[in-house]
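The structure appears right after this line, and notes come after that.
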Amino acid sequence: MLIKVGSMIAALLAWLGLSFLFPETVLPGPWQTIRVLAENFANGDILSHLTATLGRVLGGLVLAMAVGIPVGVLMGVNRLAEKTLDVWVMVALTVPSLCYAIFAFIWIGLNETAAIVAIGLTSAPSIAINLWEGVKNIDTRLFQMARVFNASRWVIIRRVLFPQVLPYIMASLRFGLGIVWKITVLVELLGRPDGVGFELFYWYQLGNMQQVLAWTLLFTLVMLFIELVILQNLERRMFSWRPEVRI
Amino acid sequence: MDNGIRIQGLTKSFPSPRKHEAAHRVLNGLDLTIEDNEFVCVLGPSGCGKSTLLNTLSGLDRDYDGEIRFGGRPMTRAGKPPVRMGYLFQDPRLLPWLSAERNVDFALENSDVPRHRWADIKDHYFQLTGLQAFRRHHPHELSGGMAQRLSLVRALAIEPDVLFMDEPFSGLDELTARRLRVDLLDIWRRTGKTIVFITHNSYEATFLADRVVVLSQGRIRREIPVTVPRPRDYDDPALFAVSKEVSATFIAAAEEAERARSRP
(Lines give C-alpha, C1' and ligand atoms only; values in the text may rest on other atoms or scores of the structure.)
Protein backbone atom coordinates (compact mmCIF):
# COMPACT_ATOMS: atom_id res chain seq x y z
CA MET A 1 0.00 0.00 0.00
CA LEU A 2 2.82 2.36 0.98
CA ILE A 3 4.62 1.52 -2.25
CA LYS A 4 1.49 2.30 -4.27
CA VAL A 5 1.02 5.69 -2.61
CA GLY A 6 4.71 6.45 -3.07
CA SER A 7 4.69 5.63 -6.75
CA MET A 8 1.60 7.80 -7.26
CA ILE A 9 3.27 10.75 -5.59
CA ALA A 10 6.36 10.16 -7.74
CA ALA A 11 4.23 10.11 -10.91
CA LEU A 12 2.50 13.33 -9.87
CA LEU A 13 5.87 14.99 -9.28
CA ALA A 14 7.15 13.77 -12.66
CA TRP A 15 4.05 15.23 -14.33
CA LEU A 16 4.60 18.51 -12.51
CA GLY A 17 8.28 18.59 -13.57
CA LEU A 18 7.54 17.77 -17.19
CA SER A 19 4.81 20.43 -17.39
CA PHE A 20 7.44 23.11 -16.71
CA LEU A 21 9.39 21.97 -19.78
CA PHE A 22 6.46 22.19 -22.20
CA PRO A 23 4.03 25.00 -23.05
CA GLU A 24 0.58 24.79 -21.47
CA THR A 25 -1.07 23.93 -24.81
CA VAL A 26 0.99 20.73 -25.01
CA LEU A 27 1.25 19.52 -21.41
CA PRO A 28 -0.64 21.40 -18.72
CA GLY A 29 0.43 20.70 -15.15
CA PRO A 30 -1.59 18.77 -12.54
CA TRP A 31 -2.93 21.89 -10.81
CA GLN A 32 -4.29 23.40 -14.02
CA THR A 33 -5.84 20.08 -14.97
CA ILE A 34 -7.50 19.68 -11.61
CA ARG A 35 -8.72 23.27 -11.75
CA VAL A 36 -10.31 22.66 -15.17
CA LEU A 37 -11.87 19.47 -13.83
CA ALA A 38 -13.33 21.38 -10.89
CA GLU A 39 -14.72 24.03 -13.25
CA ASN A 40 -16.33 21.34 -15.36
CA PHE A 41 -17.96 19.94 -12.25
CA ALA A 42 -19.24 23.40 -11.37
CA ASN A 43 -20.68 23.84 -14.86
CA GLY A 44 -22.78 20.75 -14.29
CA ASP A 45 -22.97 18.66 -17.47
CA ILE A 46 -19.99 16.51 -16.49
CA LEU A 47 -22.24 14.06 -14.64
CA SER A 48 -24.57 13.52 -17.59
CA HIS A 49 -21.60 12.73 -19.83
CA LEU A 50 -20.14 10.41 -17.22
CA THR A 51 -23.39 8.54 -16.62
CA ALA A 52 -23.95 8.19 -20.38
CA THR A 53 -20.51 6.58 -20.69
CA LEU A 54 -20.91 4.38 -17.62
CA GLY A 55 -24.29 3.22 -18.91
CA ARG A 56 -22.67 2.13 -22.18
CA VAL A 57 -19.82 0.46 -20.30
CA LEU A 58 -22.33 -1.48 -18.23
CA GLY A 59 -24.54 -2.40 -21.19
CA GLY A 60 -21.56 -3.46 -23.27
CA LEU A 61 -20.11 -5.48 -20.42
CA VAL A 62 -23.39 -7.30 -19.81
CA LEU A 63 -23.68 -8.13 -23.51
CA ALA A 64 -20.02 -9.23 -23.70
CA MET A 65 -20.45 -11.53 -20.69
CA ALA A 66 -23.79 -12.86 -21.97
CA VAL A 67 -22.13 -13.90 -25.22
CA GLY A 68 -18.62 -14.68 -24.01
CA ILE A 69 -19.36 -16.82 -20.95
CA PRO A 70 -21.61 -19.44 -22.62
CA VAL A 71 -19.29 -19.70 -25.61
CA GLY A 72 -16.20 -20.05 -23.40
CA VAL A 73 -17.77 -22.60 -21.05
CA LEU A 74 -19.13 -24.61 -23.97
CA MET A 75 -15.69 -24.66 -25.57
CA GLY A 76 -14.13 -25.77 -22.31
CA VAL A 77 -16.45 -28.72 -21.68
CA ASN A 78 -17.26 -29.89 -25.21
CA ARG A 79 -14.55 -30.93 -27.63
CA LEU A 80 -16.73 -30.60 -30.73
CA ALA A 81 -17.66 -27.05 -29.76
CA GLU A 82 -14.00 -26.30 -29.09
CA LYS A 83 -12.90 -27.51 -32.51
CA THR A 84 -15.72 -25.72 -34.32
CA LEU A 85 -15.48 -22.43 -32.51
CA ASP A 86 -11.83 -21.84 -31.74
CA VAL A 87 -10.94 -20.48 -35.18
CA TRP A 88 -14.00 -18.19 -35.14
CA VAL A 89 -13.17 -16.83 -31.72
CA MET A 90 -9.71 -16.05 -33.04
CA VAL A 91 -11.18 -14.32 -36.08
CA ALA A 92 -13.55 -12.33 -33.87
CA LEU A 93 -10.61 -11.35 -31.67
CA THR A 94 -8.48 -10.22 -34.60
CA VAL A 95 -11.05 -7.89 -36.22
CA PRO A 96 -10.18 -4.35 -35.04
CA SER A 97 -12.63 -2.80 -32.61
CA LEU A 98 -13.05 0.17 -34.96
CA CYS A 99 -14.54 -2.20 -37.57
CA TYR A 100 -17.15 -3.48 -35.11
CA ALA A 101 -18.11 0.10 -34.33
CA ILE A 102 -18.41 1.05 -38.00
CA PHE A 103 -20.43 -2.10 -38.84
CA ALA A 104 -22.78 -1.52 -35.93
CA PHE A 105 -23.42 2.15 -36.73
CA ILE A 106 -24.02 1.42 -40.43
CA TRP A 107 -26.21 -1.63 -39.94
CA ILE A 108 -28.12 -0.65 -36.81
CA GLY A 109 -27.99 3.15 -37.06
CA LEU A 110 -26.44 5.95 -35.02
CA ASN A 111 -28.14 4.98 -31.80
CA GLU A 112 -27.57 3.58 -28.32
CA THR A 113 -28.28 -0.03 -29.34
CA ALA A 114 -25.59 0.09 -32.01
CA ALA A 115 -23.10 1.50 -29.50
CA ILE A 116 -23.76 -1.27 -26.98
CA VAL A 117 -23.71 -3.99 -29.65
CA ALA A 118 -20.35 -2.70 -30.91
CA ILE A 119 -18.88 -2.58 -27.39
CA GLY A 120 -20.27 -5.98 -26.41
CA LEU A 121 -19.19 -7.84 -29.53
CA THR A 122 -15.69 -6.39 -29.45
CA SER A 123 -15.00 -7.63 -25.95
CA ALA A 124 -16.92 -10.93 -26.07
CA PRO A 125 -14.07 -12.92 -27.74
CA SER A 126 -11.54 -12.04 -25.03
CA ILE A 127 -14.00 -13.07 -22.34
CA ALA A 128 -14.75 -16.32 -24.17
CA ILE A 129 -11.03 -17.15 -24.39
CA ASN A 130 -10.55 -16.36 -20.73
CA LEU A 131 -13.32 -18.74 -19.70
CA TRP A 132 -12.34 -21.40 -22.16
CA GLU A 133 -8.87 -21.60 -20.59
CA GLY A 134 -10.38 -21.48 -17.11
CA VAL A 135 -12.89 -24.25 -17.64
CA LYS A 136 -10.12 -26.48 -18.94
CA ASN A 137 -8.42 -26.12 -15.56
CA ILE A 138 -11.34 -27.32 -13.47
CA ASP A 139 -10.94 -30.44 -11.39
CA THR A 140 -12.87 -33.22 -13.13
CA ARG A 141 -12.13 -35.68 -10.31
CA LEU A 142 -14.72 -33.80 -8.29
CA PHE A 143 -17.39 -34.73 -10.86
CA GLN A 144 -16.56 -38.38 -10.32
CA MET A 145 -16.85 -37.86 -6.57
CA ALA A 146 -20.24 -36.20 -7.00
CA ARG A 147 -21.47 -39.04 -9.19
CA VAL A 148 -20.39 -41.64 -6.65
CA PHE A 149 -22.49 -39.80 -4.08
CA ASN A 150 -25.50 -39.93 -6.41
CA ALA A 151 -25.58 -36.25 -7.34
CA SER A 152 -27.86 -35.58 -10.31
CA ARG A 153 -26.60 -33.85 -13.43
CA TRP A 154 -28.22 -30.61 -12.39
CA VAL A 155 -26.70 -30.77 -8.90
CA ILE A 156 -23.28 -31.40 -10.43
CA ILE A 157 -23.61 -28.39 -12.72
CA ARG A 158 -24.86 -26.12 -9.96
CA ARG A 159 -22.77 -27.24 -7.02
CA VAL A 160 -19.58 -28.66 -8.54
CA LEU A 161 -19.11 -27.04 -11.96
CA PHE A 162 -20.42 -23.53 -11.24
CA PRO A 163 -18.32 -22.81 -8.12
CA GLN A 164 -15.23 -23.80 -10.07
CA VAL A 165 -16.13 -21.57 -13.03
CA LEU A 166 -17.10 -18.61 -10.83
CA PRO A 167 -13.53 -17.40 -10.16
CA TYR A 168 -12.94 -17.30 -13.90
CA ILE A 169 -16.20 -15.43 -14.46
CA MET A 170 -15.10 -12.86 -11.89
CA ALA A 171 -11.65 -12.59 -13.45
CA SER A 172 -13.16 -12.14 -16.89
CA LEU A 173 -15.49 -9.49 -15.48
CA ARG A 174 -12.51 -7.40 -14.37
CA PHE A 175 -10.58 -8.20 -17.49
CA GLY A 176 -13.61 -7.46 -19.67
CA LEU A 177 -14.19 -4.15 -17.94
CA GLY A 178 -10.66 -3.09 -18.84
CA ILE A 179 -11.34 -3.72 -22.52
CA VAL A 180 -14.91 -2.43 -22.53
CA TRP A 181 -14.20 1.03 -21.20
CA LYS A 182 -11.47 1.62 -23.76
CA ILE A 183 -13.78 0.61 -26.60
CA THR A 184 -16.66 2.66 -25.20
CA VAL A 185 -14.67 5.88 -25.54
CA LEU A 186 -13.82 4.98 -29.12
CA VAL A 187 -17.42 4.18 -30.00
CA GLU A 188 -18.61 7.44 -28.48
CA LEU A 189 -16.07 9.38 -30.49
CA LEU A 190 -17.35 7.73 -33.64
CA GLY A 191 -21.10 7.86 -33.31
CA ARG A 192 -22.57 9.34 -30.13
CA PRO A 193 -23.46 12.98 -29.28
CA ASP A 194 -22.46 12.67 -25.60
CA GLY A 195 -20.22 10.78 -23.20
CA VAL A 196 -16.58 11.00 -22.21
CA GLY A 197 -15.37 9.86 -25.64
CA PHE A 198 -17.40 12.56 -27.35
CA GLU A 199 -16.01 15.23 -25.02
CA LEU A 200 -12.44 14.02 -25.52
CA PHE A 201 -12.82 14.21 -29.28
CA TYR A 202 -14.51 17.62 -29.10
CA TRP A 203 -11.68 19.16 -27.05
CA TYR A 204 -9.09 17.43 -29.20
CA GLN A 205 -10.53 19.11 -32.28
CA LEU A 206 -10.36 22.45 -30.51
CA GLY A 207 -6.77 21.68 -29.50
CA ASN A 208 -7.60 22.21 -25.82
CA MET A 209 -5.12 19.97 -24.04
CA GLN A 210 -6.23 21.08 -20.56
CA GLN A 211 -9.73 19.72 -21.17
CA VAL A 212 -8.44 16.54 -22.81
CA LEU A 213 -6.26 15.81 -19.78
CA ALA A 214 -9.05 16.70 -17.37
CA TRP A 215 -11.44 14.25 -19.00
CA THR A 216 -8.78 11.55 -19.20
CA LEU A 217 -8.00 11.99 -15.52
CA LEU A 218 -11.65 11.86 -14.51
CA PHE A 219 -12.43 8.75 -16.50
CA THR A 220 -9.31 6.93 -15.34
CA LEU A 221 -10.05 7.70 -11.68
CA VAL A 222 -13.64 6.51 -11.95
CA MET A 223 -12.60 3.26 -13.65
CA LEU A 224 -9.78 2.64 -11.17
CA PHE A 225 -12.26 3.11 -8.34
CA ILE A 226 -14.65 0.54 -9.84
CA GLU A 227 -11.83 -1.88 -10.55
CA LEU A 228 -9.74 -1.62 -7.39
CA VAL A 229 -12.30 -0.79 -4.75
CA ILE A 230 -15.55 -2.41 -5.84
CA LEU A 231 -14.55 -5.47 -7.89
CA GLN A 232 -11.48 -6.47 -5.89
CA ASN A 233 -13.37 -6.32 -2.62
CA LEU A 234 -16.25 -8.26 -4.07
CA GLU A 235 -13.86 -10.93 -5.30
CA ARG A 236 -12.04 -11.12 -2.00
CA ARG A 237 -15.29 -11.63 -0.17
CA MET A 238 -16.59 -14.25 -2.63
CA PHE A 239 -13.45 -16.36 -2.62
CA SER A 240 -12.42 -16.08 1.00
CA TRP A 241 -12.29 -19.89 1.13
CA ARG A 242 -9.21 -19.84 -1.05
CA PRO A 243 -5.84 -20.04 0.66
CA GLU A 244 -4.39 -16.92 -1.01
CA VAL A 245 -6.40 -14.01 -2.26
CA ARG A 246 -4.15 -11.11 -1.32
CA ILE A 247 -2.43 -9.61 -4.33
CA MET B 1 -30.76 -56.93 4.67
CA ASP B 2 -28.08 -58.90 2.87
CA ASN B 3 -25.40 -56.66 1.42
CA GLY B 4 -23.12 -59.28 0.00
CA ILE B 5 -21.77 -58.76 -3.50
CA ARG B 6 -21.87 -61.38 -6.18
CA ILE B 7 -19.81 -60.78 -9.31
CA GLN B 8 -20.16 -63.19 -12.21
CA GLY B 9 -18.20 -63.22 -15.45
CA LEU B 10 -17.30 -59.55 -15.19
CA THR B 11 -15.56 -58.51 -18.39
CA LYS B 12 -14.54 -55.01 -19.35
CA SER B 13 -12.60 -53.88 -22.41
CA PHE B 14 -11.29 -50.50 -23.38
CA PRO B 15 -10.93 -49.67 -27.08
CA SER B 16 -7.31 -49.40 -28.17
CA PRO B 17 -6.13 -45.88 -28.93
CA ARG B 18 -4.64 -47.16 -32.20
CA LYS B 19 -7.00 -48.19 -34.96
CA HIS B 20 -7.13 -51.77 -36.25
CA GLU B 21 -5.86 -53.04 -32.92
CA ALA B 22 -7.76 -55.34 -30.61
CA ALA B 23 -9.49 -53.75 -27.64
CA HIS B 24 -7.60 -53.94 -24.38
CA ARG B 25 -9.34 -56.34 -22.01
CA VAL B 26 -8.92 -55.19 -18.43
CA LEU B 27 -11.32 -57.51 -16.64
CA ASN B 28 -11.47 -61.01 -17.96
CA GLY B 29 -14.52 -62.94 -16.79
CA LEU B 30 -13.95 -62.23 -13.13
CA ASP B 31 -15.98 -64.18 -10.56
CA LEU B 32 -16.00 -63.09 -6.95
CA THR B 33 -18.40 -63.42 -4.08
CA ILE B 34 -18.13 -61.10 -1.12
CA GLU B 35 -20.18 -61.95 1.95
CA ASP B 36 -22.38 -59.54 3.83
CA ASN B 37 -20.24 -57.57 6.34
CA GLU B 38 -17.06 -59.01 4.94
CA PHE B 39 -13.89 -56.96 4.66
CA VAL B 40 -12.15 -57.87 1.41
CA CYS B 41 -8.88 -56.37 0.24
CA VAL B 42 -8.06 -56.49 -3.44
CA LEU B 43 -4.38 -56.48 -4.32
CA GLY B 44 -2.63 -56.59 -7.63
CA PRO B 45 0.05 -55.07 -9.84
CA SER B 46 -0.80 -51.85 -11.64
CA GLY B 47 -2.95 -52.45 -14.69
CA CYS B 48 -4.47 -55.62 -13.22
CA GLY B 49 -7.96 -54.13 -13.22
CA LYS B 50 -8.27 -53.07 -9.56
CA SER B 51 -9.58 -49.59 -10.26
CA THR B 52 -11.77 -50.79 -13.11
CA LEU B 53 -13.30 -53.34 -10.76
CA LEU B 54 -14.13 -50.63 -8.25
CA ASN B 55 -15.54 -48.34 -10.95
CA THR B 56 -17.91 -51.03 -12.16
CA LEU B 57 -18.93 -52.07 -8.63
CA SER B 58 -19.66 -48.48 -7.62
CA GLY B 59 -21.75 -47.82 -10.72
CA LEU B 60 -19.41 -45.14 -12.08
CA ASP B 61 -18.88 -47.33 -15.11
CA ARG B 62 -21.94 -49.29 -16.22
CA ASP B 63 -20.63 -50.42 -19.55
CA TYR B 64 -19.42 -53.97 -18.99
CA ASP B 65 -20.30 -57.60 -19.62
CA GLY B 66 -21.27 -59.95 -16.83
CA GLU B 67 -23.37 -59.46 -13.74
CA ILE B 68 -23.07 -57.67 -10.43
CA ARG B 69 -25.59 -58.32 -7.67
CA PHE B 70 -25.92 -56.77 -4.25
CA GLY B 71 -27.77 -59.15 -1.92
CA GLY B 72 -29.52 -60.59 -4.97
CA ARG B 73 -30.48 -57.20 -6.45
CA PRO B 74 -28.75 -56.63 -9.77
CA MET B 75 -26.88 -53.48 -10.73
CA THR B 76 -28.82 -51.92 -13.58
CA ARG B 77 -27.51 -50.03 -16.60
CA ALA B 78 -28.82 -46.73 -15.29
CA GLY B 79 -30.40 -45.21 -12.20
CA LYS B 80 -29.48 -45.54 -8.57
CA PRO B 81 -27.39 -48.55 -7.53
CA PRO B 82 -29.35 -51.14 -5.50
CA VAL B 83 -27.47 -50.42 -2.26
CA ARG B 84 -26.24 -47.31 -0.50
CA MET B 85 -22.59 -46.87 -1.32
CA GLY B 86 -19.81 -44.93 0.32
CA TYR B 87 -16.62 -44.27 -1.58
CA LEU B 88 -13.17 -43.23 -0.48
CA PHE B 89 -10.78 -42.12 -3.17
CA GLN B 90 -7.02 -42.12 -3.04
CA ASP B 91 -7.16 -38.32 -2.67
CA PRO B 92 -9.76 -36.66 -0.41
CA ARG B 93 -11.71 -35.03 -3.27
CA LEU B 94 -13.36 -32.46 -1.06
CA LEU B 95 -15.12 -29.41 -2.44
CA PRO B 96 -12.58 -26.70 -1.53
CA TRP B 97 -15.12 -23.87 -1.29
CA LEU B 98 -17.20 -25.66 1.36
CA SER B 99 -16.41 -26.07 5.05
CA ALA B 100 -15.78 -29.55 6.43
CA GLU B 101 -19.36 -29.82 7.62
CA ARG B 102 -20.84 -28.55 4.36
CA ASN B 103 -18.79 -31.13 2.49
CA VAL B 104 -20.50 -33.83 4.51
CA ASP B 105 -23.86 -32.15 3.90
CA PHE B 106 -23.21 -32.32 0.17
CA ALA B 107 -23.15 -36.12 0.37
CA LEU B 108 -26.17 -36.19 2.70
CA GLU B 109 -28.23 -33.94 0.42
CA ASN B 110 -27.84 -36.42 -2.39
CA SER B 111 -28.64 -39.45 -0.23
CA ASP B 112 -31.92 -40.67 1.18
CA VAL B 113 -30.89 -40.23 4.82
CA PRO B 114 -33.78 -38.27 6.39
CA ARG B 115 -32.82 -34.71 7.28
CA HIS B 116 -33.76 -34.95 10.97
CA ARG B 117 -31.00 -37.50 11.51
CA TRP B 118 -28.19 -35.49 9.90
CA ALA B 119 -27.12 -33.65 13.07
CA ASP B 120 -26.74 -36.85 15.10
CA ILE B 121 -24.92 -38.66 12.34
CA LYS B 122 -22.50 -35.80 11.80
CA ASP B 123 -21.84 -35.42 15.55
CA HIS B 124 -21.16 -39.11 15.77
CA TYR B 125 -18.65 -39.38 12.95
CA PHE B 126 -16.92 -36.05 13.55
CA GLN B 127 -16.42 -37.20 17.13
CA LEU B 128 -15.23 -40.64 16.09
CA THR B 129 -12.62 -39.27 13.70
CA GLY B 130 -11.49 -36.50 16.06
CA LEU B 131 -12.58 -33.74 13.68
CA GLN B 132 -15.20 -32.21 15.97
CA ALA B 133 -13.18 -28.99 16.37
CA PHE B 134 -12.64 -28.61 12.63
CA ARG B 135 -16.21 -28.66 11.34
CA ARG B 136 -16.07 -25.06 10.18
CA HIS B 137 -12.61 -25.31 8.64
CA HIS B 138 -12.09 -25.36 4.91
CA PRO B 139 -10.22 -28.25 3.27
CA HIS B 140 -7.06 -26.20 2.68
CA GLU B 141 -6.82 -25.63 6.42
CA LEU B 142 -6.67 -29.37 7.13
CA SER B 143 -3.63 -31.63 6.99
CA GLY B 144 -3.56 -34.51 4.51
CA GLY B 145 -4.54 -37.01 7.20
CA MET B 146 -7.38 -34.83 8.47
CA ALA B 147 -8.68 -34.25 4.95
CA GLN B 148 -8.74 -38.00 4.33
CA ARG B 149 -10.52 -38.53 7.65
CA LEU B 150 -13.06 -35.93 6.56
CA SER B 151 -13.68 -37.83 3.37
CA LEU B 152 -14.15 -40.91 5.55
CA VAL B 153 -16.77 -39.00 7.55
CA ARG B 154 -18.45 -38.05 4.28
CA ALA B 155 -18.47 -41.67 3.10
CA LEU B 156 -19.84 -42.94 6.42
CA ALA B 157 -22.40 -40.18 6.98
CA ILE B 158 -24.68 -41.47 4.25
CA GLU B 159 -24.75 -44.76 6.21
CA PRO B 160 -23.61 -46.92 3.33
CA ASP B 161 -24.31 -50.64 3.22
CA VAL B 162 -21.21 -51.08 1.13
CA LEU B 163 -17.98 -49.12 1.39
CA PHE B 164 -15.56 -48.93 -1.53
CA MET B 165 -12.04 -47.75 -0.82
CA ASP B 166 -9.48 -47.07 -3.53
CA GLU B 167 -6.01 -47.00 -1.90
CA PRO B 168 -7.32 -44.41 0.55
CA PHE B 169 -4.25 -44.34 2.82
CA SER B 170 -1.48 -44.65 0.25
CA GLY B 171 -0.88 -40.91 0.07
CA LEU B 172 -0.43 -40.49 3.83
CA ASP B 173 2.58 -40.89 6.08
CA GLU B 174 2.86 -44.28 7.75
CA LEU B 175 1.96 -43.08 11.24
CA THR B 176 -1.27 -41.40 10.09
CA ALA B 177 -2.10 -44.34 7.85
CA ARG B 178 -1.70 -46.78 10.77
CA ARG B 179 -3.96 -44.76 12.99
CA LEU B 180 -6.61 -44.54 10.27
CA ARG B 181 -6.47 -48.29 9.63
CA VAL B 182 -7.18 -48.95 13.30
CA ASP B 183 -10.00 -46.37 13.25
CA LEU B 184 -11.46 -47.95 10.14
CA LEU B 185 -11.52 -51.43 11.69
CA ASP B 186 -13.14 -49.98 14.78
CA ILE B 187 -15.86 -48.27 12.74
CA TRP B 188 -16.39 -51.39 10.65
CA ARG B 189 -16.75 -53.56 13.78
CA ARG B 190 -19.34 -51.17 15.24
CA THR B 191 -21.41 -50.43 12.15
CA GLY B 192 -21.10 -53.62 10.12
CA LYS B 193 -20.56 -52.93 6.44
CA THR B 194 -19.36 -54.80 3.44
CA ILE B 195 -16.00 -53.29 2.53
CA VAL B 196 -14.02 -53.63 -0.67
CA PHE B 197 -10.60 -52.10 -0.15
CA ILE B 198 -8.09 -51.71 -2.97
CA THR B 199 -4.43 -51.50 -2.05
CA HIS B 200 -0.95 -52.33 -3.26
CA ASN B 201 0.38 -52.73 0.26
CA SER B 202 0.31 -56.41 1.26
CA TYR B 203 0.75 -55.77 4.99
CA GLU B 204 -2.10 -53.26 5.00
CA ALA B 205 -4.27 -55.79 3.18
CA THR B 206 -3.43 -58.55 5.65
CA PHE B 207 -3.99 -56.37 8.69
CA LEU B 208 -7.40 -55.19 7.52
CA ALA B 209 -9.02 -58.00 5.60
CA ASP B 210 -10.99 -61.15 6.26
CA ARG B 211 -9.82 -62.23 2.86
CA VAL B 212 -7.20 -60.92 0.45
CA VAL B 213 -7.92 -61.30 -3.25
CA VAL B 214 -4.94 -61.06 -5.58
CA LEU B 215 -5.83 -59.99 -9.10
CA SER B 216 -3.74 -60.54 -12.15
CA GLN B 217 -4.61 -59.68 -15.72
CA GLY B 218 -8.26 -59.15 -14.99
CA ARG B 219 -8.78 -62.41 -13.16
CA ILE B 220 -8.44 -63.65 -9.62
CA ARG B 221 -5.10 -65.28 -9.20
CA ARG B 222 -5.58 -66.35 -5.64
CA GLU B 223 -7.74 -65.75 -2.59
CA ILE B 224 -5.98 -65.84 0.75
CA PRO B 225 -8.16 -65.93 3.87
CA VAL B 226 -6.75 -64.13 6.91
CA THR B 227 -7.82 -66.11 9.95
CA VAL B 228 -5.87 -64.14 12.55
CA PRO B 229 -8.47 -63.26 15.22
CA ARG B 230 -9.62 -59.69 15.82
CA PRO B 231 -8.85 -57.22 17.30
CA ARG B 232 -5.52 -57.57 15.61
CA ASP B 233 -2.20 -56.30 16.79
CA TYR B 234 -0.22 -54.43 14.17
CA ASP B 235 2.98 -56.25 15.13
CA ASP B 236 1.51 -59.73 15.43
CA PRO B 237 3.94 -62.28 13.87
CA ALA B 238 0.96 -64.34 12.70
CA LEU B 239 -0.13 -61.40 10.52
CA PHE B 240 3.38 -61.09 9.25
CA ALA B 241 3.41 -64.73 8.15
CA VAL B 242 0.18 -64.28 6.15
CA SER B 243 1.48 -61.04 4.71
CA LYS B 244 4.57 -62.84 3.40
CA GLU B 245 2.36 -65.24 1.55
CA VAL B 246 0.28 -62.36 0.15
CA SER B 247 3.48 -60.62 -0.92
CA ALA B 248 4.79 -63.70 -2.68
CA THR B 249 1.53 -64.12 -4.61
CA PHE B 250 1.51 -60.44 -5.48
CA ILE B 251 5.07 -60.54 -6.80
CA ALA B 252 4.37 -63.69 -8.81
CA ALA B 253 1.30 -61.96 -10.29
CA ALA B 254 3.33 -58.88 -11.17
CA GLU B 255 6.01 -60.98 -12.87
CA GLU B 256 3.40 -62.88 -14.80
CA ALA B 257 1.84 -59.61 -15.96
CA GLU B 258 5.26 -58.37 -17.02
CA ARG B 259 5.89 -61.48 -19.10
CA ALA B 260 2.47 -61.22 -20.73
CA ARG B 261 3.13 -57.61 -21.63
CA SER B 262 6.52 -58.26 -23.21
CA ARG B 263 5.11 -61.06 -25.33
CA PRO B 264 4.49 -59.83 -28.90
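The values are calculated or read from the model by the stated rules, or taken from the named source; none is laboratory data. Note that this is a predicted model, so its numbers are computed, not measured. We place every Cβ from the backbone using ideal geometry, glycine too, and count neighbours over all the protein chains shown. The accessibility values were calculated without ligands, DNA or RNA, using every heavy atom of the protein model including side chains. Shrake-Rupley method; radii C 1.70, N 1.55, O 1.52, S 1.80 Å.
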Can you find, within the stretch B:70-95, the residue that is most open to solvent (accessible area, probe 1.4 Å) among those that are under 15 Å from B:ILE195 (Cα atoms) and more than 14 Å from every other protein chain (Cβ to nearest Cβ)? B:GLY71
Looking at A:PHE162, A:PHE143, which one is within 14 Å of chain B (Cβ to nearest Cβ), open to solvent by less than 50 Å² (accessible area, probe 1.4 Å) and assigned to a helix (DSSP H, G or I)? A:PHE143
Within the stretch B:47-62, can you find the residues that are at negative phi and away from chain A (no Cβ under 14 Å)? B:CYS48, B:LYS50, B:LEU53
Which residues, counting only those in the stretch B:207-258, are open to solvent by 30 Å² or more (accessible area, probe 1.4 Å), closer than 16 Å to B:ASN28 by Cβ and not in a loop (DSSP other than H, G, I, E, B)? B:ARG219, B:ILE220, B:ARG221, B:ARG222, B:GLU256
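Each row is one residue, and each column tells you yes or no for (1) under 20 Å from B:ALA257 (Cα atoms); (2) in contact with a His (Cβ under 8 Å, 6 or more places away or on another chain); (3) loosely packed, with under 13 Cβ neighbours inside 10 Å.
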{"site": "B:ILE7", "(1), (2), (3)": "no, no, no"}
{"site": "B:SER16", "(1), (2), (3)": "yes, yes, yes"}
{"site": "B:ALA23", "(1), (2), (3)": "yes, no, yes"}
{"site": "B:CYS41", "(1), (2), (3)": "yes, no, no"}
{"site": "B:THR52", "(1), (2), (3)": "yes, no, no"}
{"site": "B:GLY59", "(1), (2), (3)": "no, no, no"}
Among residues of the stretch B:122-168 being open to solvent by less than 50 Å² (accessible area, probe 1.4 Å) and of a type in the set (Asp, Glu), the residue nearest to the chain's Cα centre (by Cα) is B:ASP166
Residue under question is A:ILE157, and the condition is that it be away from chain B (no Cβ under 13 Å), assigned to a helix (DSSP H, G or I), within 19 Å of the chain's Cα centre (by Cα) and surrounded by fewer than 21 Cβ atoms within 10 Å (Cβ to Cβ); does it hold? no
Report, by residue number, each residue of the stretch B:96-143 that is part of a helix (DSSP H, G or I) and within 11 Å of chain A (Cβ to nearest Cβ). B:ARG102, B:ASN103, B:VAL104, B:ASP105, B:PHE106, B:ALA107, B:LEU108, B:GLU109, B:PRO139, B:HIS140, B:GLU141
Qualifying residues in the stretch B:171-199 (those that are touching a helix residue (DSSP H, G or I) at 6+ places or on another chain (Cβ under 8 Å) and outside any helix (DSSP H, G or I)) - the one most open to solvent (accessible area, probe 1.4 Å): B:ASP173
Odd one out for A:ILE179, checked against (1) under 12 Å from the mean Cα position of the chain (by Cα); (2) open to solvent by less than 30 Å² (accessible area, probe 1.4 Å); (3) not acidic (Asp, Glu): (2)
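Would you call A:THR184 within 14 Å of chain B (Cβ to nearest Cβ) and either without any contact (Cβ under 8 Å) to a residue 40 or more places away in the chain or touching a Lys or Arg at 6+ places or on another chain (Cβ under 6 Å) (or both)?
Criteria not met by A:THR184.
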Scan (1) under 27 Å from A:LEU200 (Cβ atoms); (2) touching a residue at least 60 places away in the same chain (Cβ under 8 Å); (3) in contact with a helix residue (DSSP H, G or I) (Cβ under 6 Å, 6 or more places away or on another chain) for the single condition A:LEU54 breaks and write down its number. (3)
